[in-house]
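Each value in this text was obtained by applying a stated rule to the coordinates, not by laboratory testing. Quick caveat, the model's predicted, so the values are computed rather than measured. Here the Cβ positions follow ideal geometry from the backbone for every residue, glycine too, while neighbour counts run over all protein chains shown.
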Protein chains: 2
Amino acid sequence: MNDGLYKCLAESNRRRILYCIGEKKMCVNSISECLKMEQSLVSHHLKELLRCGLVERERRGKKNYYKVSKKEIIELLESARKLGDSLEVCDGG
Amino acid sequence: MNDGLYKCLAESNRRRILYCIGEKKMCVNSISECLKMEQSLVSHHLKELLRCGLVERERRGKKNYYKVSKKEIIELLESARKLGDSLEVCDGG
DNA sequence: CGTTCATATGAACAACCATTCATATTTAAT
DNA sequence: ATTAAATATGAATGGTTGTTCATATGAACG
């Protein structure tokens, strides 16, 4: 069923992290600063992203570098965003 | 930000409903029977799908017919499924 | 070893969400 | 108007999840 992927992408901070990393490799601190998010929160989310295979980790010295594991992930985010924009959200009524 | 789309797709029963409807138009009862889900549950989920613009409703007599509002939605589900399958999920460790 | 930087972890809490049950609304037919 | 069929709604509940805070782990270096 692979609920994990969907659940993972459903969280806006996790999507922000993925977008932030993009095609680079980034350590936790950089992501944390870049997004102005608490370090521990970034860490928690990275753990979840790792668990679902959306990012990969590369330990180097003190720092841990993360990268998005497949370019298709960003592409998926892009098409979802476009699709989302094109939908007519119907609120209250 | 349009969190709605992602949140909506993150729920497996809602995805099942979308897949079930596919390119057809279906009334609540049919969906309910087809997926062996309680009528009220289907109704609740359809309401959410409607709210996010993922389905559209067509009232006809007693019955309400629902259809997936854009074919891109099913396509997105498909690519997400494929991507999900290709990811190496890393559990406990 | 002790210290510092970088990251991970765990507990606790609040907010959210899916499900169920019971009931209301709507439409059509008699 | 009554009844039945189809769907919607609301309250209640249990479970999940995001966030924070405090603390632990690990790695490098004096």
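Going through segment A:1-21 one residue at a time, which ones are of a type in the set (Gly, Ala, Ser) and within 21 Å of residue B:82 (Cα to Cα)?
The first filter runs over segment A:1-21 and keeps only residues of a type in the set (Gly, Ala, Ser), leaving A:4, A:10, A:12.
Correct list: A:4, A:10.
Among the residues of segment A:18-49 satisfying the criterion of being in contact with a helix residue (DSSP H, G or I) (Cβ under 6 Å, 6 or more places away or on another chain) and β-branched (Val, Ile, Thr), which is surrounded by the most Cβ atoms within 10 Å (Cβ to Cβ)?
Result: A:42.
Looking only at segment A:1-18, count every residue that is free of Cβ contacts under 8 Å to residues at least 24 places away in the same chain, at the interface with chain B (Cβ under 8 Å from one of its Cβ atoms), in a helix (DSSP H, G or I) and within 11 Å of the chain's Cα centre (by Cα) and tell me the total.
1
Pairs under 9 Å by beta carbon, first residue more than 14 Å from chain B (Cβ to nearest Cβ) in segment A:35-52, partner among the acidic types (Asp, Glu) and near DNA strand D (Cβ under 9 Å from one of its atoms), six or more apart or different chains?
Matching pairs, first to second residue: A:45/A:11.
Are any residues in segment B:50-68 in a loop (DSSP other than H, G, I, E, B) and crowded, with 18+ Cβ neighbours inside 10 Å, and if so, which ones? Break it down stepwise before answering.
Of all residues in segment B:50-68, those in a loop (DSSP other than H, G, I, E, B) come to B:52-54, B:61-62.
Within segment B:50-68, B:52, B:53, B:54 meet the criteria.
If you check B:47, B:24, B:82, which single one turns out to be of a type in the set (Lys, Arg), under 21 Å from residue A:82 (Cβ atoms) and either within 14 Å of DNA strand D (Cβ to nearest atom) or not in a strand (DSSP E or B) (or both)?
It is B:82.
Quick one: how many residues across segment A:74-86 are facing another protein chain (nearest Cβ under 7 Å) and of a type outside the set (Gly, Ala, Ser)?
Looking only at that region, the number is 3.
Would it be correct to say that residue B:56 is away from DNA strand C (no atom under 12 Å from the Cβ) and under 24 Å from residue A:81 (Cβ atoms)?
Criteria met by residue B:56.
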